[in-house]
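The values are calculated or read from the model by the stated rules, or taken from the named source; none is laboratory data. On a predicted model such as this, the values are computed, not experimentally measured, just so you know. No Cβ is skipped: glycine too gets one built from the backbone with ideal geometry, and neighbour counts run over all protein chains shown.
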Amino acid sequence: MRANRNNGLTAGALPPNSAAPDDAAKAAPPVAQSDRGAGPLAGLTALKADRAQCMSARPSIRSTTKAPAVMSHARADTSRELTPVEARIAQTFVRPEHLRAIAAAARAGSFAVSFRASGQLSLKRLANGAPAKGHDILEKTIKPGSVQEVYGADSERRLAQIERADIDGYVGHWGRDKLLGLYMGPAANERDTPMLFGALRTTPSGHRYYPVDHDDLEGSLALLKRTQGPSGTAGSFWRSLPYTGDYDTHDMINMAGHRAPVPSGSRDEHRIMRSLNVAIEAIDPIRKASSGSHRLIQHGPQHNYVAHMRTNEQGAVIDEAVARASFPLAMCDRGTWSVIETPEALAAFYRQHGVVLKEKWREKRANTFTA
(Lines give C-alpha, C1' and ligand atoms only; values in the text may rest on other atoms or scores of the structure.)
Protein backbone atom coordinates (compact mmCIF):
# COMPACT_ATOMS: atom_id res chain seq x y z
CA MET A 1 0.00 0.00 0.00
CA ARG A 2 1.40 3.37 -0.95
CA ALA A 3 2.06 5.64 1.97
CA ASN A 4 0.13 8.92 2.11
CA ARG A 5 2.01 11.96 0.90
CA ASN A 6 3.09 14.32 3.63
CA ASN A 7 4.75 17.68 3.88
CA GLY A 8 8.28 17.57 5.24
CA LEU A 9 9.69 14.21 4.37
CA THR A 10 13.14 14.23 5.91
CA ALA A 11 13.67 13.25 9.52
CA GLY A 12 16.79 14.62 11.10
CA ALA A 13 18.17 16.22 7.93
CA LEU A 14 20.20 19.41 7.89
CA PRO A 15 18.67 22.76 6.92
CA PRO A 16 17.82 22.82 3.20
CA ASN A 17 20.47 25.43 2.40
CA SER A 18 23.29 23.59 4.13
CA ALA A 19 25.09 20.27 3.95
CA ALA A 20 26.87 18.08 6.43
CA PRO A 21 30.45 19.22 7.01
CA ASP A 22 31.84 16.21 5.19
CA ASP A 23 29.43 16.83 2.30
CA ALA A 24 30.00 20.54 1.84
CA ALA A 25 32.55 20.31 -0.93
CA LYS A 26 30.27 18.23 -3.11
CA ALA A 27 26.82 19.52 -2.20
CA ALA A 28 24.35 20.25 -4.97
CA PRO A 29 21.82 23.09 -4.87
CA PRO A 30 19.27 22.68 -2.09
CA VAL A 31 16.28 20.48 -2.70
CA ALA A 32 12.69 21.67 -2.72
CA GLN A 33 11.21 23.08 0.47
CA SER A 34 7.91 21.19 0.15
CA ASP A 35 6.61 18.22 -1.77
CA ARG A 36 3.38 19.97 -2.72
CA GLY A 37 3.82 21.71 -6.03
CA ALA A 38 7.57 21.63 -5.58
CA GLY A 39 8.41 19.99 -8.88
CA PRO A 40 10.63 17.00 -9.57
CA LEU A 41 12.57 17.12 -6.30
CA ALA A 42 9.51 16.45 -4.15
CA GLY A 43 10.28 14.02 -1.40
CA LEU A 44 13.54 15.45 -0.02
CA THR A 45 12.06 18.30 1.98
CA ALA A 46 12.78 18.83 5.64
CA LEU A 47 10.88 18.81 8.91
CA LYS A 48 12.69 21.43 10.98
CA ALA A 49 11.60 20.02 14.31
CA ASP A 50 12.78 16.56 13.37
CA ARG A 51 16.08 17.98 12.12
CA ALA A 52 16.78 19.69 15.40
CA GLN A 53 15.79 16.65 17.43
CA CYS A 54 17.84 14.15 15.47
CA MET A 55 20.90 16.41 15.08
CA SER A 56 21.10 16.94 18.81
CA ALA A 57 20.57 13.25 19.50
CA ARG A 58 23.10 11.90 17.01
CA PRO A 59 26.23 10.79 18.87
CA SER A 60 29.71 11.11 17.47
CA ILE A 61 31.00 7.55 17.22
CA ARG A 62 33.53 5.61 15.27
CA SER A 63 32.28 3.65 12.30
CA THR A 64 31.71 0.03 13.28
CA THR A 65 29.79 -2.98 12.03
CA LYS A 66 31.14 -5.48 14.57
CA ALA A 67 28.23 -7.45 15.98
CA PRO A 68 28.59 -6.69 19.72
CA ALA A 69 28.92 -2.96 19.13
CA VAL A 70 26.03 -2.86 16.65
CA MET A 71 23.79 -4.81 19.01
CA SER A 72 24.68 -2.46 21.85
CA HIS A 73 23.79 0.61 19.78
CA ALA A 74 20.51 -0.99 18.65
CA ARG A 75 19.43 -1.86 22.20
CA ALA A 76 20.26 1.63 23.42
CA ASP A 77 17.87 3.12 20.86
CA THR A 78 14.78 0.99 21.57
CA SER A 79 12.85 3.54 23.65
CA ARG A 80 13.47 6.57 21.44
CA GLU A 81 10.27 8.27 20.29
CA LEU A 82 9.78 8.23 16.53
CA THR A 83 9.78 11.49 14.60
CA PRO A 84 6.76 12.20 12.34
CA VAL A 85 8.72 11.10 9.28
CA GLU A 86 9.82 7.90 10.99
CA ALA A 87 6.24 7.23 12.07
CA ARG A 88 5.13 7.48 8.45
CA ILE A 89 7.89 5.11 7.36
CA ALA A 90 6.94 2.62 10.09
CA GLN A 91 3.43 2.35 8.67
CA THR A 92 4.45 0.76 5.39
CA PHE A 93 8.23 0.32 4.95
CA VAL A 94 9.68 -1.32 8.08
CA ARG A 95 8.33 -2.06 11.54
CA PRO A 96 8.97 0.69 14.14
CA GLU A 97 11.25 -1.41 16.35
CA HIS A 98 13.26 -2.43 13.30
CA LEU A 99 13.42 1.18 12.09
CA ARG A 100 15.23 2.21 15.26
CA ALA A 101 17.64 -0.73 14.99
CA ILE A 102 18.40 0.02 11.34
CA ALA A 103 19.10 3.66 12.20
CA ALA A 104 21.50 2.60 14.95
CA ALA A 105 23.35 0.24 12.59
CA ALA A 106 23.62 2.81 9.80
CA ARG A 107 24.87 5.46 12.20
CA ALA A 108 27.44 3.13 13.75
CA GLY A 109 28.60 1.77 10.39
CA SER A 110 28.59 5.07 8.49
CA PHE A 111 26.42 3.84 5.62
CA ALA A 112 23.13 4.70 3.95
CA VAL A 113 20.46 2.18 3.06
CA SER A 114 17.09 2.65 1.37
CA PHE A 115 14.02 0.42 1.41
CA ARG A 116 11.12 -0.28 -0.88
CA ALA A 117 7.67 -0.29 0.72
CA SER A 118 6.92 -3.63 2.34
CA GLY A 119 3.22 -2.89 2.76
CA GLN A 120 1.07 -2.97 5.87
CA LEU A 121 0.02 -6.58 5.36
CA SER A 122 3.60 -7.90 5.27
CA LEU A 123 4.47 -5.82 8.33
CA LYS A 124 1.49 -7.33 10.13
CA ARG A 125 2.72 -10.85 9.36
CA LEU A 126 6.27 -10.02 10.40
CA ALA A 127 4.79 -8.98 13.74
CA ASN A 128 3.23 -12.47 13.91
CA GLY A 129 6.72 -13.99 13.62
CA ALA A 130 6.33 -15.20 10.03
CA PRO A 131 9.48 -16.13 8.11
CA ALA A 132 10.64 -13.80 5.32
CA LYS A 133 10.91 -15.12 1.78
CA GLY A 134 14.13 -14.84 -0.17
CA HIS A 135 14.42 -13.88 -3.83
CA ASP A 136 14.13 -17.56 -4.80
CA ILE A 137 10.39 -17.33 -4.13
CA LEU A 138 8.99 -15.17 -6.90
CA GLU A 139 5.27 -15.50 -6.23
CA LYS A 140 3.35 -12.61 -4.71
CA THR A 141 1.94 -12.01 -1.28
CA ILE A 142 -1.83 -12.23 -0.88
CA LYS A 143 -3.02 -8.63 -1.05
CA PRO A 144 -5.63 -6.63 -2.98
CA GLY A 145 -3.46 -6.19 -6.07
CA SER A 146 -2.55 -9.85 -6.47
CA VAL A 147 -6.13 -10.96 -5.76
CA GLN A 148 -7.39 -8.51 -8.40
CA GLU A 149 -4.85 -9.83 -10.89
CA VAL A 150 -6.00 -13.43 -10.46
CA TYR A 151 -9.73 -13.08 -9.79
CA GLY A 152 -10.65 -10.01 -11.82
CA ALA A 153 -14.33 -9.15 -11.43
CA ASP A 154 -14.69 -11.61 -8.55
CA SER A 155 -11.80 -10.12 -6.59
CA GLU A 156 -13.86 -8.15 -4.07
CA ARG A 157 -15.73 -11.24 -2.89
CA ARG A 158 -12.59 -13.37 -2.84
CA LEU A 159 -10.62 -10.75 -0.93
CA ALA A 160 -13.34 -10.58 1.72
CA GLN A 161 -13.11 -14.37 2.13
CA ILE A 162 -9.32 -14.17 2.40
CA GLU A 163 -9.50 -11.45 5.05
CA ARG A 164 -12.04 -13.43 7.09
CA ALA A 165 -9.74 -16.45 6.90
CA ASP A 166 -6.86 -14.21 8.08
CA ILE A 167 -4.37 -15.25 5.40
CA ASP A 168 -3.79 -11.88 3.73
CA GLY A 169 -0.13 -10.81 3.79
CA TYR A 170 1.28 -14.32 3.38
CA VAL A 171 2.98 -15.51 0.19
CA GLY A 172 0.46 -17.29 -1.99
CA HIS A 173 0.97 -20.14 -4.43
CA TRP A 174 -1.19 -19.09 -7.35
CA GLY A 175 -2.81 -20.96 -10.19
CA ARG A 176 -3.89 -19.34 -13.42
CA ASP A 177 -7.26 -18.37 -11.98
CA LYS A 178 -7.19 -19.11 -8.25
CA LEU A 179 -5.20 -19.29 -5.03
CA LEU A 180 -3.74 -22.76 -4.57
CA GLY A 181 -1.99 -22.47 -1.23
CA LEU A 182 0.46 -20.77 1.14
CA TYR A 183 4.25 -21.07 1.00
CA MET A 184 5.43 -22.61 4.26
CA GLY A 185 8.58 -21.82 6.22
CA PRO A 186 10.98 -24.35 7.77
CA ALA A 187 9.11 -24.54 11.09
CA ALA A 188 6.54 -26.66 9.26
CA ASN A 189 8.66 -29.82 9.24
CA GLU A 190 8.38 -33.56 9.77
CA ARG A 191 9.81 -33.54 13.30
CA ASP A 192 7.95 -30.62 14.86
CA THR A 193 4.65 -30.56 12.94
CA PRO A 194 4.28 -34.07 11.46
CA MET A 195 0.56 -33.92 10.69
CA LEU A 196 0.88 -30.56 8.99
CA PHE A 197 4.01 -31.64 7.16
CA GLY A 198 2.17 -34.65 5.76
CA ALA A 199 -0.39 -32.36 4.14
CA LEU A 200 2.15 -30.14 2.38
CA ARG A 201 2.71 -30.23 -1.35
CA THR A 202 5.65 -29.13 -3.46
CA THR A 203 5.74 -26.38 -6.09
CA PRO A 204 7.51 -26.95 -9.42
CA SER A 205 10.44 -24.96 -7.99
CA GLY A 206 10.75 -27.31 -5.00
CA HIS A 207 9.17 -25.18 -2.28
CA ARG A 208 6.61 -26.64 0.12
CA TYR A 209 3.16 -25.12 0.34
CA TYR A 210 -0.01 -25.75 2.29
CA PRO A 211 -2.89 -26.39 -0.15
CA VAL A 212 -6.15 -24.45 0.20
CA ASP A 213 -9.55 -24.76 -1.42
CA HIS A 214 -10.53 -21.27 -2.49
CA ASP A 215 -14.22 -22.27 -2.34
CA ASP A 216 -13.85 -23.51 1.27
CA LEU A 217 -11.02 -21.52 2.77
CA GLU A 218 -11.94 -22.01 6.41
CA GLY A 219 -12.47 -25.74 6.03
CA SER A 220 -9.24 -26.26 4.13
CA LEU A 221 -7.28 -24.16 6.65
CA ALA A 222 -8.49 -26.12 9.68
CA LEU A 223 -5.45 -28.40 9.89
CA LEU A 224 -3.04 -25.47 9.65
CA LYS A 225 -4.88 -23.44 12.28
CA ARG A 226 -4.98 -26.23 14.86
CA THR A 227 -1.27 -27.01 14.50
CA GLN A 228 0.35 -26.92 17.94
CA GLY A 229 3.46 -24.98 18.78
CA PRO A 230 6.34 -25.91 21.11
CA SER A 231 4.19 -25.25 24.18
CA GLY A 232 1.65 -27.84 23.05
CA THR A 233 -1.10 -25.34 22.32
CA ALA A 234 -2.41 -24.14 18.99
CA GLY A 235 -3.72 -20.58 19.36
CA SER A 236 -1.90 -18.22 17.04
CA PHE A 237 1.15 -20.44 16.45
CA TRP A 238 0.04 -21.17 12.89
CA ARG A 239 0.46 -17.50 11.96
CA SER A 240 4.23 -17.87 12.35
CA LEU A 241 4.46 -20.71 9.81
CA PRO A 242 3.71 -19.34 6.29
CA TYR A 243 6.13 -17.01 4.51
CA THR A 244 5.56 -13.30 4.15
CA GLY A 245 7.68 -10.62 2.46
CA ASP A 246 11.19 -9.58 3.50
CA TYR A 247 12.68 -6.08 3.59
CA ASP A 248 13.74 -5.16 0.07
CA THR A 249 16.61 -2.69 0.03
CA HIS A 250 17.18 -0.44 -2.95
CA ASP A 251 20.52 1.16 -2.08
CA MET A 252 23.42 0.28 0.16
CA ILE A 253 25.94 3.11 0.11
CA ASN A 254 29.27 3.33 1.88
CA MET A 255 29.32 6.89 3.26
CA ALA A 256 32.89 6.70 4.59
CA GLY A 257 35.73 7.46 2.19
CA HIS A 258 34.81 6.90 -1.46
CA ARG A 259 31.04 7.22 -1.57
CA ALA A 260 29.38 4.78 -3.91
CA PRO A 261 26.77 2.02 -3.93
CA VAL A 262 28.47 -1.15 -2.73
CA PRO A 263 29.28 -3.65 -5.53
CA SER A 264 27.27 -6.85 -5.84
CA GLY A 265 28.78 -9.65 -3.75
CA SER A 266 31.40 -7.36 -2.21
CA ARG A 267 32.68 -7.36 1.35
CA ASP A 268 30.93 -4.02 1.89
CA GLU A 269 27.60 -5.46 0.76
CA HIS A 270 27.94 -8.41 3.14
CA ARG A 271 29.16 -6.09 5.93
CA ILE A 272 26.10 -3.86 5.67
CA MET A 273 23.65 -6.77 5.35
CA ARG A 274 25.17 -8.44 8.38
CA SER A 275 25.11 -5.22 10.39
CA LEU A 276 21.43 -4.61 9.63
CA ASN A 277 20.41 -8.16 10.51
CA VAL A 278 22.46 -8.16 13.72
CA ALA A 279 20.87 -4.87 14.81
CA ILE A 280 17.37 -6.20 14.14
CA GLU A 281 18.15 -9.40 16.04
CA ALA A 282 19.28 -7.35 19.04
CA ILE A 283 15.76 -6.04 19.61
CA ASP A 284 13.74 -8.84 17.94
CA PRO A 285 15.43 -12.15 18.89
CA ILE A 286 13.29 -14.30 16.58
CA ARG A 287 14.97 -12.47 13.67
CA LYS A 288 18.34 -14.14 14.08
CA ALA A 289 20.99 -12.87 11.68
CA SER A 290 22.12 -16.46 11.13
CA SER A 291 18.62 -17.68 10.19
CA GLY A 292 18.05 -18.18 6.49
CA SER A 293 14.31 -17.80 6.94
CA HIS A 294 13.85 -15.25 9.71
CA ARG A 295 16.47 -12.60 9.02
CA LEU A 296 14.83 -9.70 7.24
CA ILE A 297 17.61 -8.57 4.91
CA GLN A 298 17.64 -11.67 2.73
CA HIS A 299 19.69 -10.41 -0.20
CA GLY A 300 21.60 -7.47 -1.61
CA PRO A 301 20.03 -4.22 -2.78
CA GLN A 302 17.81 -3.86 -5.81
CA HIS A 303 20.52 -1.60 -7.22
CA ASN A 304 22.70 -4.74 -7.57
CA TYR A 305 19.99 -7.20 -8.62
CA VAL A 306 20.67 -7.33 -12.35
CA ALA A 307 24.45 -7.50 -11.83
CA HIS A 308 23.99 -10.32 -9.30
CA MET A 309 21.77 -12.33 -11.61
CA ARG A 310 24.12 -11.96 -14.57
CA THR A 311 27.14 -12.97 -12.50
CA ASN A 312 25.79 -15.63 -10.17
CA GLU A 313 22.60 -16.99 -11.71
CA GLN A 314 23.22 -17.03 -15.43
CA GLY A 315 20.25 -18.33 -17.33
CA ALA A 316 17.82 -17.60 -14.50
CA VAL A 317 14.80 -15.45 -15.28
CA ILE A 318 15.25 -11.83 -14.21
CA ASP A 319 12.15 -10.69 -12.35
CA GLU A 320 11.20 -7.38 -13.95
CA ALA A 321 9.24 -6.33 -10.87
CA VAL A 322 12.43 -6.61 -8.83
CA ALA A 323 14.67 -5.04 -11.48
CA ARG A 324 12.40 -2.01 -11.86
CA ALA A 325 12.81 0.75 -9.30
CA SER A 326 9.69 1.64 -7.34
CA PHE A 327 8.95 4.81 -5.44
CA PRO A 328 8.65 6.13 -2.82
CA LEU A 329 11.74 4.86 -1.01
CA ALA A 330 12.61 5.18 2.66
CA MET A 331 16.24 6.28 3.02
CA CYS A 332 18.28 5.92 6.21
CA ASP A 333 21.48 7.96 5.89
CA ARG A 334 23.71 7.28 8.89
CA GLY A 335 20.73 7.17 11.22
CA THR A 336 18.62 9.91 9.63
CA TRP A 337 15.44 8.79 7.83
CA SER A 338 13.76 10.46 4.87
CA VAL A 339 11.22 9.57 2.20
CA ILE A 340 12.30 9.91 -1.42
CA GLU A 341 9.37 10.17 -3.79
CA THR A 342 10.87 10.25 -7.29
CA PRO A 343 13.91 9.19 -9.37
CA GLU A 344 14.83 12.87 -9.63
CA ALA A 345 14.84 13.24 -5.85
CA LEU A 346 17.02 10.15 -5.53
CA ALA A 347 19.45 11.57 -8.08
CA ALA A 348 19.54 14.79 -6.06
CA PHE A 349 20.36 12.81 -2.92
CA TYR A 350 23.27 11.17 -4.75
CA ARG A 351 24.57 14.53 -5.99
CA GLN A 352 24.30 16.25 -2.62
CA HIS A 353 26.27 13.51 -0.92
CA GLY A 354 28.89 13.04 -3.62
CA VAL A 355 27.77 9.48 -4.38
CA VAL A 356 29.29 8.11 -7.58
CA LEU A 357 26.99 5.79 -9.53
CA LYS A 358 27.84 2.91 -11.81
CA GLU A 359 24.22 2.60 -12.92
CA LYS A 360 22.81 5.66 -14.66
CA TRP A 361 19.24 6.61 -13.91
CA ARG A 362 17.17 7.53 -16.92
CA GLU A 363 15.05 10.16 -15.26
CA LYS A 364 12.70 10.59 -18.19
CA ARG A 365 11.72 6.92 -17.92
CA ALA A 366 10.66 7.10 -14.34
CA ASN A 367 11.07 3.63 -12.92
CA THR A 368 13.87 1.93 -14.84
CA PHE A 369 17.64 1.77 -14.73
CA THR A 370 20.36 0.07 -16.69
CA ALA A 371 23.21 -2.03 -15.42
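Key figures for this structure:
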read-out: Number of the condition not met by ARG287 [criteria: (1) surrounded by fewer than 21 Cβ atoms within 10 Å (Cβ to Cβ); (2) modelled with pLDDT of 95 or more; (3) within 28 Å of ARG208 (Cα to Cα)]; value: (1)
read-out: Of the criteria (1) under 23 Å from GLY300 (Cα atoms); (2) over 19 Å from the mean Cα position of the chain (by Cα); (3) surrounded by fewer than 20 Cβ atoms within 10 Å (Cβ to Cβ), which one GLN120 fails; value: (2)
read-out: Test: residue in the range 155-169 that is buried (at least 18 other Cβ atoms within 10 Å of the Cβ), under 23 Å from ARG88 (Cα atoms) and at pLDDT 95 or above; value: yes
read-out: Residue satisfying all of: in the range 205-215; modelled with pLDDT of 95 or more and out of contact with any Leu (no Cβ under 7 Å at 6 or more places or on another chain); surrounded by the most Cβ atoms within 10 Å (Cβ to Cβ) among these; value: HIS207
read-out: Residue within the range 250-257 that is under 15 Å from the mean Cα position of the chain (by Cα) and not acidic (Asp, Glu) present; value: yes
read-out: Selected residue (only one of ARG310, ARG365, ARG334 is more than 16 Å from the chain's Cα centre (by Cα) and modelled with pLDDT of 95 or more); value: ARG334
read-out: Matching entry among PRO211, PRO230, PRO194, PRO204 (being touching a strand residue (DSSP E or B) at 6+ places or on another chain (Cβ under 8 Å) and not hydroxyl-bearing (Ser, Thr, Tyr)); value: PRO211
read-out: 3 or more residues under 19 Å from ILE297 (Cβ atoms) and modelled with pLDDT under 95: qualifying helices (runs of 4 or more DSSP H) within the range 42-107; value: 67-76
read-out: Residue check for SER110: surrounded by fewer than 23 Cβ atoms within 10 Å (Cβ to Cβ), within 20 Å of LEU329 (Cα to Cα) and in the same structural domain as GLN298 (by TED's automatic domain parsing); value: yes
read-out: Failed criterion for ALA279 (all others in (1) modelled with pLDDT under 95; (2) not in a loop (DSSP other than H, G, I, E, B) hold); value: (1)
